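What follows draws every value from the coordinates through simple rules; no lab data is involved. Everything numeric here is computed off the predicted structure, so don't read it as measured data. All Cβ positions, even for glycine, are placed from backbone atoms using ideal geometry, and neighbour counts span all protein chains on display.
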Amino acid sequence: MADIPPIQLTDQSPLTGDQYRQMFAAGTHYVEQHVEEINALNVFPVPDGDTGINMLLTLRAANESKELPPVGSGTVAEVSTGLSRGALLGARGNSGVIFSQFMKGIAEGLASAETCDGADIVAALTCAAAAGYQAVGTPVEGTMLTVMRGAAEGVASMTGCTTADVLTAALSAASAALVYTPEQLPILKEAGVVDAGGQGVVAFLAGALAFVTGVDVPLEIMTPLGGVAGGNVSHAFLEHTEEDMYGFCTQFVVIGEGLDVDAVREQVGAMAGSTVVIGDDRTVRVHAHAENPGPLLSLGVSLGSVDQINIQNMDLQHQQFMALHGYTQDEQTALAVVVVSPGDGLTRVFHDQGAAQVVGGGQTMNPSAAELLSAIQRANATHTFVLPNNPNIVLAAHQAAELADSDVTVIASRNIPQGIAALLAFNPDLNAEGNADSMRSAITDIRSGEVTTAVRSTTLDGMAVAEGQAIALLDGSLAAAAATANEALIAMLDVAELEDGSLVTLYRGAGDFEELAAEAAGAITARYAGVEVEVIDGGQPHYTYLVSIE
Amino acid sequence: MAVKIVTDSTSDLPEDIAEKLGVTVVPLSVFFGEQAYKDGVEITREQFFARLTSGKEVHPRTSQPSVEDFVAVYKELTGQGHEIVSVHVSDKMSGTMNSARLAQAELPDAKITLVDTGLAALALGLVVKFTAEAAAAGKSFDEVVAAAKEASGKTRCYFVPATLEFLQKGGRIGKAGAIVGGLLSIKPILAVIDGEVHSFTKVRTASKAVAKLREIASEDGPYAEVGIIHEGQSESAAALLAHLESLSDKPVVSGQIGAVVGVHTGPGAIGIVLRKA
């Protein structure tokens, strides 16, 4: 995507299929250039689902769709259908899923288009907005849906205009809708951000406009309150692709001066698969799947100082899975459960409790619809339940369910404790309906906490949080901020008002937290009479503790 | 001449009910090492659990009644001119039915029908009670047999052992075997289905497990009769019993776990039995 052919549209004739494809690539390129800023627009100062990454990976999947006609051929209808199919399968994160639905709408709007003129763009945007609203169960205003609808409404009355005119109007209307999102969603206002997905839509439209006019379109991106330090790349990210789920998933950040991102991308690409290399001349984030992570790290060290190293052995996870399940995949079962797990320890817990397939992913690593679909297929059951265990994976799970040939029910677990509770409630002897009921009911019975480190300073739920402080969330709301993880944990449990007989399970994160967790367990039993504590090695990144309270 | 009901000691039927309905209970045996004790005859449930939890004993075993035990009971009853409906523990869990079958073959002239309830513990107990009540009400032999079979199919049993250790050691874990082990401590709620122990659902704490039993009981009332399975005296058992009171017109049958069932459930188990009309 880095190299957009500098095609200048010298006349205002309609776009050919090929040009339409290039316009789409240009939109993708703009999202890629602004991916860090879009990521930074998260509401909670926690390592959250990276909207920018998710959108970019979804757009890339569209550009690389296997269903596209060969380059240099194809009508606009064929190209947009091919793009849409790629996005549908490659969608990850809620923003990616919604964007893939926009593209489905666009393909419908362009279903009979040989070429694409201004009127076609109007039709495409109108269908895109409608498809987006349809795809989401309860549409929320102040999100990328609103921004896309803004774009559609901004061009609805235009007739006889060129693609450039229509895209100019669309970008301007979308930007206006974006700026207004904090007025519609109070949580955005409190965090001082605009909607990240909406920002992605605006970036994409800007790229498309830049292509048809041949003029660079400047894009201003609002930064959240408290600012995002340019060089402080706060969270790692992860993505898996089906073709190479083996080897080591290796992620790190290089901090240096005068870094050449394109050169680094090329070098990393030559050494590993599934590479994502982004950043600027001072900070470069690297994600890759390699047989050996050593050479990648050596490359990083040769470029600057390396930070935020996260290496996961995907072979091991695969072997553990195969060992546990004894290659019994040929035998079709009636019911199975597919879960998403962010860490090795949690993966073992899920296997112990009978999950048929575990897909790696979580907070900052949202699996794509295609990965979830593939897990559903491997589960080989007549009816499969999917536990996404993250709000930002729920839509991708629904998308996978739509694409699957077998029956699939998504149990919308929003975090790990809910996912474990739902899995415990699963009974393969019961029918699908009964299981859906009891799994859903198990989710409502449990309270969930998270302890992590604030990645920026902000004020949230009336609480001031400083970057680097330990913060604790209870059922998705900020409950405590403190100097240490254990202090934040205890303060959060105070808010939870533990009852006699409660069980607190601490899933400790990847890192050297064994002693810390033992101390926390001691502190909890000393503080709350009649409360039991269990510590499990969860192995999840970013979160010192995931906590279930029941 | 009357229709008499015979069962085995896994029924955990309270003694007063068995006596009042004239039910003959053939005891299984519990072994501590080489020493055998007839369930409820040579060892009381209190003595048994005291020894089980003393920490000094190897894990006890159980053994089905001998063919002679059944022959003796059947001979005595038929000698008095009675007909016998012999109602028993699931033959997937115990060899008791085999002994009874062989005893029946020894007495070709006696009128004896055996019923495999596919159940155990007080679930079997409630089927026995219903069958004996039918006999006491003067129903015909065939009607009594039909009552036993019908009640077997309409009685459900859910229980929560304090630990899975005993079911596992005793080999009675059935289809629930897969839930043993793992990193999380869990409280499984087990059900007796098709004569075997199955995992019904799993929760994390004892109080949630009891709440789940209440929920299961309330899902599908009212019932012809309900029972509570428990060991020792506990607040949660008392509270569960109070809840069950509302689910049937008949008083709740409170069945303490006896020695043979106790070998497999271990101490501290709690459960419910639900019999639909």
Report task. Using label points projected 7 Å from each Cα along Cα→Cβ, tell me how many nm separate A:LYS66 and A:ALA263, to one decimal. Result -> 3.7 nm
Report summary line: Among segment B:82-120, those whose backbone N falls under 17 Å of a label point 7 Å along Cα→Cβ from B:ASP142 are B:83-85, B:111-114
Query - For segment A:407-435 and segment A:73-94, distance of Cα centres in Å - result: 32 Å
Report task. Would you list which lysines come within 20 Å of B:LYS149, measuring only between C-alpha atoms, while excluding same-chain residues fewer than 8 positions from it? Result -> B:LYS4, B:LYS92, B:LYS111, B:LYS129, B:LYS139, B:LYS276
Query raised in the report: How high is the FRET efficiency between A:THR213 and A:SER13 when r is their beta carbon distance and R₀ equals 25 Å, given to the nearest 0.05?
Result: 0.95
Query raised in the report: Where both partners of a DSSP beta bridge lie in segment A:327-456, what percent of those bridges are antiparallel, to the nearest 5?
Result: 5 percent
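Calculate, in nm to one decimal, what A:ALA111 and A:ALA518 gain on full extension: separation in residues at 0.36 nm each, minus their alpha carbon distance.
Net length gain for the segment: 140.5 nm.
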Report task. Quick one: angle between helix B:67-79 and the longest Cα principal axis of chain B, in degrees between 0 and 90, rounded to 10, please. Result -> 50 degrees
Report summary line: The FRET efficiency for B:THR53 and B:THR205, from their Cβ-Cβ distance with R0 = 25 Å and rounded to 0.05, is 0.70
Report summary line: Expected sort for B:ASP8, B:ASP249, A:ASP262 with the fewest Cβ neighbours (10 Å cutoff) up front is B:ASP249, A:ASP262, B:ASP8
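Roughly how many debye, to the nearest 20, is the charge dipole of the protein assembly as shown about its Cα centre, given +1 on each Lys and Arg Cβ, -1 on each Asp and Glu Cβ, and no other charges?
1940 debye
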Query raised in the report: So what's the gap between the Cα centers of segment A:502-550 and segment B:42-96, to the nearest angstrom?
Result: 47 Å
Query raised in the report: So if we plug the beta-carbon distance of B:ALA239 and A:ASP461 into 1/(1 + (r/R0)^6) with R0 = 30 Å, what FRET efficiency do we get, rounded to 0.05?
Result: 0.20
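Taking only DSSP H segments of four or more residues, each worth -39500 (n - 2.57), what value at 222 nm results for chain B once the sum is divided by all its residues, to the nearest 500 deg cm²/dmol?
Calculated from helices alone, the mean residue ellipticity at 222 nm is -11000 deg cm²/dmol.
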Report task. Output the relative contact order of chain A, whole-number percent, from Cα pairs under 8 angstrom with separation of 6+ residues. Result -> 11 percent
Requested in this report: Give me the angle, in degrees from 0 to 90, between the Cα long axis of helix B:121-136 and the longest principal axis of the Cα atoms of chain B, rounded to the nearest 10.
Outcome: 30 degrees
Report task. Just the number, please: percent antiparallel of the DSSP beta bridges in the protein assembly as shown, rounded to the nearest 5. Result -> 65 percent
Query raised in the report: For A:ARG285, A:ARG85, what's the fewest-to-most ordering of other Cβ within 10 Å of each Cβ?
Result: A:ARG85, A:ARG285
Report task. Extending each Cα 7 Å along its Cβ direction at B:MET1 and A:ASP429, get the distance between those two points in nm, one decimal. Result -> 4.1 nm
Query - Computed [θ] at 222 nm, deg cm²/dmol, chain A (DSSP H ≥ 4; -39,500 (n - 2.57); rounded to nearest 500) - result: -14500 deg cm²/dmol
Query raised in the report: Which residues in segment B:138-168 have a backbone N closer than 13 Å to a point placed 7 Å from the Cα of B:LYS111 along the Cα-to-Cβ line?
Result: B:139-145
Query - Max mean-square fluctuation residue, GNM over chain B, Cα-Cα springs under 10 Å, options B:GLY170, B:GLY266, B:GLY79 - result: B:GLY79
Query raised in the report: Going by how many other beta carbons lie within 10 Å of each one, how would you line up A:GLU37, B:GLU150, B:GLU165, fewest first?
Result: B:GLU165, B:GLU150, A:GLU37
Report task. Express as a percent, rounded to the nearest 5, the fraction of DSSP beta bridges in chain B (both residues included) that run antiparallel. Result -> 60 percent
Query raised in the report: According to a simple spin-label model (label point 7 Å from Cα along Cα-to-Cβ), what is the distance in nm between A:GLU499 and A:SER477?
Result: 1.9 nm
Query raised in the report: How high is the relative contact order of segment A:449-549, in percent, with contacts defined as C-alpha pairs under 8 Å that are six or more residues apart?
Result: 30 percent
